[in-house]
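The values are calculated or read from the model by the stated rules, or taken from the named source; none is laboratory data. In this text, all values refer to a predicted model and were calculated from it rather than measured experimentally. Backbone-built Cβ (ideal geometry, glycine too); neighbour counts: all protein chains shown.
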Amino acid sequence: MALPPINMSDESFVREVDEELQRDTMLSLWKRWGKIGIGAIVALVLAWGGWLYWTHRKNETRGAEAEQLVQVIENLNANNEADAAPKLAALAKSDSKGYRAAAMMTQAALALSKSDTKFAVETYGKVVADTTLSQDWRDLALIRQTALEFDTMKPEAIVARLKPLAVPGNAWFGSAGEMAALAYARMDKPALAAKMFEDMAKDEQVPESIKARAKAMASSLAPAPAPAPATTSATKEDKQ
């Protein structure tokens with residue numbers, strides 16, 4: 001999986017990443033893009049690392065974990081996952097919540113790039129279960145974990161798991177709502193599925209691509225209109 005190199009000395013890159021990182025670290029980036037490819041996931045982690053690298057260089061206070069992260073960035077830029085893996089494993093045990101969450105999410109993404117779904121699901125599950133992490137990280141991990149397990153889970157379990165996120169106004173309503181609505185359809189509850197899709201289509205936070213699918217699904221699940229009642233006009237002959 002070749003990744004584009006990152007020029008950490010590029011002032012525009014630093015400025016753009018810094019603006020994003022000021023809004024609750026890298027989470028704003030993850031939320032903005034929602035469902036994205038593995039390469040893009042790793043690229044976002046690299047961008048986050050680039051910002052940390054620049055910050056530590058500026059303050060001249062880089063610690064051991066920052067050095068590890070720099071090495072991970074260099075390894076992934078060189079498409080060298082073998083050397084990046086042990087460093088990510090160490091960061092995944094960090095006392096720093098940000099390092100730990102980002103490292104674990106990257107581990108899961110890299111596992112998926114190698115079709116190791118089992119490890120990815122387990123890693124996302126660990127993020128979800130880590131109550132010391134930000135709820136935003138845990139919600140993101142729950143979405144990705146459920147997407148990977150969707151075909152093997154009972155629809156009732158999917159609905160229950162995603163219930164806190166599959167509500168209008170939630171940052172993950174698009175992704176969570178889509179899976180919950182499909183689960184309702186599998187449960188033979190088309191009315192509930194249609195309502196969920198309708199709510200998604202009207203929610204301003206839901207990505208346009210998901211909105212388009214939601215509109216189409218809501219239309220297909222809508223009950224057919226009842227036939228108009230037949231009208232009969234009695235003639236004089238009929239009355240006689």
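Remarks
Every residue, every condition in (1) assigned to a loop (DSSP other than H, G, I, E, B); (2) free of Cβ contacts under 8 Å to residues at least 40 places away in the same chain, yes or no:
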position	(1), (2)
Phe119	no, yes
Val127	no, yes
Thr131	yes, yes
Leu140	no, no
Ile143	no, yes
Glu149	no, yes
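- Applying the set (1) among the polar types (S, T, N, Q); (2) in a loop (DSSP other than H, G, I, E, B); (3) not assigned by TED's automatic domain parsing to the domain that holds Ala82 to Ser175 leaves exactly one unmet item: (2).
- For the range 77-95, taking the residues that are under 12 Å from Ala64 (Cα atoms) and of a type in the set (Gly, Ala, Ser), the one that is surrounded by the fewest Cβ atoms within 10 Å (Cβ to Cβ) is identified as Ala90.
Table: residues versus (1) at pLDDT 60 or above; (2) among the basic types (Lys, Arg); (3) in a helix (DSSP H, G or I).
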residue: Lys35; (1), (2), (3): no, yes, no
residue: Ala43; (1), (2), (3): yes, no, yes
residue: Gln68; (1), (2), (3): yes, no, yes
residue: Asn75; (1), (2), (3): yes, no, yes
residue: Ala84; (1), (2), (3): yes, no, yes
residue: Ala90; (1), (2), (3): yes, no, yes
residue: Lys93; (1), (2), (3): yes, yes, no
residue: Tyr99; (1), (2), (3): yes, no, yes
residue: Ala103; (1), (2), (3): yes, no, yes
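- Residue check for Gly169: modelled with pLDDT of 90 or more and on the phi > 0 side of the Ramachandran plot: yes
- Residues that are surrounded by fewer than 18 Cβ atoms within 10 Å (Cβ to Cβ) and either touching a residue at least 60 places away in the same chain (Cβ under 8 Å) or in a helix (DSSP H, G or I) (or both) within the range 186-197 comprise Arg186, Pro190, Ala191, Leu192, Lys195, listed in sequence order.
- Single residue of Ala109, Ala166, Ala160 found to be part of a helix (DSSP H, G or I), under 26 Å from Gln205 (Cα atoms) and in the same structural domain as Glu204 (by TED's automatic domain parsing): Ala160
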